[in-house]
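The values are calculated or read from the model by the stated rules, or taken from the named source; none is laboratory data. Bear in mind the structure is a predicted one, so any value in this text is a computation, not a measurement. Note: ideal-geometry Cβ built from the backbone for every residue, glycine included; neighbour counts use all protein chains shown. These area figures cover heavy atoms from the full protein model, side chains too; ligands, DNA and RNA do not enter into them. Shrake-Rupley method; radii C 1.70, N 1.55, O 1.52, S 1.80 Å.
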Amino acid sequence: MNREAGELNRGCTKVNREAGELNRECDKVNREAGELNRGGAKLNREASKLNQELPNQI
């Protein structure tokens, strides 16, 4: 029984380690996505300003 518990614990430790690695990778991807979203928001604001100026130039 103790041997089986030890094997289960080792398996769980491995899975938890892999989950931690995946979480770190997800954090990195989410940070990059946030940067892209901020960039997109900035571009949208600039496009909106240009669109407001267009009718005045026609």
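Here are a few things to note about the model shown:
- Per residue, in Å², the accessible surface of the chain once ligands and nucleic acids are set aside, probe 1.4 Å: 97 Å²
- Of the solvent-accessible surface of the chain, computed with a 1.4 Å probe over protein heavy atoms with every protein chain present, carbon and sulfur atoms account for 53 percent.
- Cα-based helix-to-principal-axis angle, 2-57 vs the chain, degrees rounded to 10: 0 degrees
- Charge dipole (debye, nearest 20) of the chain; +1 at Cβ of Lys and Arg, -1 at Cβ of Asp and Glu: 120 debye
- With N counted as the residues of the chain, its alpha-carbon radius of gyration over 2.2 N^0.38 Å works out to 2.43.
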